[in-house]
Amino acid sequence: MTDDAISEGVSLYKNKDFNGALTFFLSLPEDAEVDNIELAYYIGLCYAKLERYDDAMLYLEQVVTYSKNEKRILQCRYILAIVYSMTGKRKLALFELNKLIEIGYKPANAYASLAYIFWKENEVEKCLEAYKKSLQYDPENTTALNGMGYVLACENRDLTRALSYCKKALAHNTNSPACLDSVGWIYLKLGLVDDAFKYLYQARDLLPDNEEIAEHIRIAQEG
């Protein structure tokens, strides 16, 4: 049966061994008794987790097109919206997110993702409004809290409130490089350099190759 054929790969995926899971799924023999859409689902998820977005799209789009599992279709549409936004396919991302919002699928997450797209497009007011809507649905949404605070800080708007948003996000996810970076960035904006370095260095330790964190540290060192 299909479940038995892919169970080892599913276990690897659930244990966050995405490379191992992907290797397992791709190495299955052609004559394996596997539901191809089920296999496409897990391969697409693995590629998305590994940030191999072009590959992820190929498989997740198969699930959206051919699966009869409505829950998985919605899940894959949401992931595709994120992938589209990360690969510059703005219109596709907006289409998917707006459709998901229309049917009420994870509205807090959908609005937070919408805000990210607006931010990347320098549409600041639309970005802030989308984060506001996200927080109306879920006041504890970490992505929206951190995003709202970070954007307010970058725009030099109400830094005290920005810090409050990001500190709340960090309290929910203490090991998040994005949240640590945001808090450090706001402390830097507030002129509290020692506090800024404390959080920025923690963010760098967790995500050493991130260019944005490196840029914030550079600005702090030059200041």
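The values are calculated or read from the model by the stated rules, or taken from the named source; none is laboratory data. Everything quoted here is computed from the prediction, not taken from an experiment. No Cβ is skipped: glycine too gets one built from the backbone with ideal geometry, and neighbour counts run over all protein chains shown. Please note that ligands, DNA and RNA were not included when accessible areas were found on the heavy atoms of the full protein model with its side chains. Shrake-Rupley method; radii C 1.70, N 1.55, O 1.52, S 1.80 Å.
Along the charge dipole of the chain, which of ALA40, ASN175, PHE197 sits closest to the positive end, that is, farthest toward it, with unit charges on the beta carbon of Lys, Arg, Asp and Glu (+1, +1, -1, -1)?
Farthest towards the positive end: PHE197.
Need one number: nm distance between label points at LYS99 and LYS120, each 7 Å from Cα along Cα→Cβ, rounded to one decimal.
1.9 nm
What does the helix-only formula give at 222 nm for the chain: each DSSP H stretch with n ≥ 4 adding -39500 (n - 2.57), the total divided by the residues, and the result rounded to the nearest 500 deg cm²/dmol?
Working: 13 runs with 175 residues, N = 223.
Value at 222 nm, helices only: -25000 deg cm²/dmol.
May I ask you to rank LYS16, LYS126 by accessible area, largest first, using a 1.4 Å probe over the protein chains only?
On the way: LYS16 150, LYS126 110 Å².
So the residues, ranked largest to smallest area, are LYS16, LYS126.
Which value, in debye to the nearest 20, gives the size of the charge dipole of the stretch 1-122 about its Cα centre, when Lys and Arg are +1 and Asp and Glu are -1 at the Cβ? It would help to have the intermediate numbers written out before the result.
Working: 14 positive and 17 negative charges, 175 e Å.
With Lys and Arg at +1 and Asp and Glu at -1, about 840 debye.
Toward the positive end of the charge dipole of the stretch 65-223, about the Cα centre and with charges on Cβ (Lys, Arg +1; Asp, Glu -1), which of CYS127, GLY147, ASN109 goes farthest?
So the residue we want is ASN109.
Note the full-extension length gain between TYR201 and ALA171 as 0.36 nm times their separation in residues minus their Cα-Cα distance, in nm to one decimal.
9.0 nm
Could you bin all the Cα-Cα distances of the stretch 1-86 into 10 Å bins starting at 0 and give me the percent of pairs in each, rounded to whole numbers?
Each 10 Å bin holds this share of Cα pairs: 19, 52, 27, 1.
Counting only protein heavy atoms, what percent of the accessible surface of the stretch 70-223 is carbon or sulfur at a 1.4 Å probe?
Result for the stretch 70-223: 49 percent of the exposed heavy-atom area is carbon or sulfur.
Compute the helix-to-body angle for 211-222: its Cα long axis versus the longest principal axis of the chain, expressed 0 to 90° and rounded to tens.
For 211-222 against the chain, the angle is about 20 degrees.
What is the angle, in °, between the Cα long axis of helix 70-86 and the longest principal axis of the Cα atoms in the chain? Nearest 10 is fine, range 0 to 90.
Helix 70-86 and the main axis of the chain meet at about 50 degrees.
By a straight-distance test (C-alpha under 19 Å), which lysines pair with LYS91 as possible cross-link partners, with residues fewer than eight away in the same chain excluded?
Excluding near neighbours in sequence, the set is LYS99, LYS120, LYS126.
For the pair LEU58/LEU190, report the inter-label distance in nm, with labels modelled 7 Å from Cα in the Cβ direction.
Between LEU58 and LEU190, the label points sit 4.8 nm apart.
With +1 on each Lys and Arg Cβ and -1 on each Asp and Glu Cβ, and nothing else charged, work out how big the dipole of the stretch 85-223 is about its Cα centre, in Debye to the nearest 20. Working shown, then result.
Values: 17 positive and 19 negative charges, 78 e Å.
Dipole magnitude for the stretch 85-223 comes out near 380 debye.
Only four residue types carry charge here, +1 at the Cβ of Lys and Arg and -1 at the Cβ of Asp and Glu. Report the dipole size of the stretch 88-134 about the Cα centre in Debye, rounded to the nearest 20. Could you put the intermediate results ahead of the total?
Numbers: 9 positive and 6 negative charges, 29 e Å.
Once rounded to the nearest 20, the dipole reads 140 debye.
List the pairs from LYS14/LYS106; LYS71/LYS167; LYS167/LYS189; LYS49/LYS106 whose alpha-carbon separation is above 24 Å, in the order I gave them. Don't skip to the answer; put the middle values down first.
On the way: LYS14/LYS106 22 Å; LYS71/LYS167 33 Å; LYS167/LYS189 15 Å; LYS49/LYS106 19 Å.
Over 24 Å apart, Cα to Cα: LYS71/LYS167.
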